[in-house]
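Report on one structure; see the data block that follows.
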Amino acid sequence: MKKKDKPISLIKSVDHAFELLEQFRGDVSELNMSELGRRLQLHKNNVFRLLATLESRRFIEYNASTGSYRLGLKAFHLSRMVARQMRLVSRARPTMEAMVRKCNETVCLTVLREFSVICLDGVVCTQPVRVVPPIAIRLPAYCTAAGKAQLAHFPGDKLARFLSEQKFERNTPYTITDPASFLENLQQVRQQGYAVSREELEVGVTCVAAPVRDYSSNVIGAVVLPGPITRFSNDRLIEELIPHAVKGAAEISGHLGYC
C-alpha cells in the first residue's frame, strides 16, 4: 500500500480466521484449542467460534482421537487448485512471451471460476496504446472472448444452468443480452474453435480467444489477445490474430498433454 493511500479498515474476525489457518504450516499438522489461543493471543471463546465457523465450511476438521484440529478437505482442494493454476501459468508463459514477440499485442491466460473470467497471467506488448491485463480480477464471461471460448465447450446441463442464472446486462451497445442470440454465438464459437468479442465489454476494445485443453481434452482455460479496435481490423483478425491465438492455445495445450 502506498503511503498516500487511505488505510483500509480490516474485518478483524476474517483476519483472525486466516491467521488461524496459517498456523498449520511446516511440520505443524494438528493443534488443540489451547495452543491456538496462545498462538493467536485470543480468548478461548473467540477461538472456539473461529474453529466452529471454519469447521462448518470444511476448512478445519476436528480429530476426535487426538482432541486437536487440522486442515480440512476444503483447504486441501483450494491448495490443489492453486497448484494446478501455477503449473498452467509456468507452462504457458514461454509460449505467451513468444506470441507477444511475434505480433506485438498483449497476450493473457484466463480461466473460468463460477461463470466469471479470471486472468491468471499476462504479457504486455510494447505498443503505445495497449490493454493491460487485469490480473486476478473477475470479469463477466458472457461478454468476453475468453469467457465465450470456454463456455462454448460446457456440457449441456452446465450451459443450461449458466443461461438460467446469468443476468445479461448491457455493458456497451454491442453486448449480446438475448440468451437465444448468445447461445447461437456459442455454437459458432464451438464450430470455429475461437471466439471474438468486439466491444462487448468495453467500447474500443476487441479481443480474440482460443481454448486451452488439458491431457483429458477438457477445456481448462483460454489464451486471449486484447487490443484497441483501431488495430484489430477484420482483415488483421482473420489473417494474423485469430490463427496466432489458435496456434498459441494449441501449443500450450500440447505442453499440458493434449494431443
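What to note about this one:
- PHE168 being out of contact with any Pro (no Cβ under 8 Å at 6 or more places or on another chain), in the same structural domain as CYS119 (by TED's automatic domain parsing) and either over 24 Å from ARG231 (Cα atoms) or not polar (S, T, N, Q) (or both): no
- Considering only residues in region 58-82 that are basic (Lys, Arg) and surrounded by 12 or more Cβ atoms within 10 Å (Cβ to Cβ), the one that is nearest to SER13 (Cα to Cα) turns out to be ARG58.
- All positions within region 86-118 that are closer than 19 Å to GLU199 by Cα and in contact (Cβ under 8 Å) with a residue 24 or more places away in the chain: GLU105, THR106, VAL107, CYS108, THR110, SER116, VAL117
- Selection status of PHE182, in contact with an Asp or Glu (Cβ under 9 Å, 6 or more places away or on another chain), of a type in the set (A, V, I, L, M, F, W, C) and modelled with pLDDT of 95 or more: no
- Condition met for GLU251 (among the acidic types (Asp, Glu), assigned to a helix (DSSP H, G or I) and touching a residue at least 12 places away in the same chain (Cβ under 8 Å)): yes
The values are calculated or read from the model by the stated rules, or taken from the named source; none is laboratory data. Worth saying up front: this structure is predicted, and the values here are computed from it rather than measured. So basically every Cβ, Gly included, is an ideal-geometry build from the backbone, and we count neighbours across all protein chains shown.
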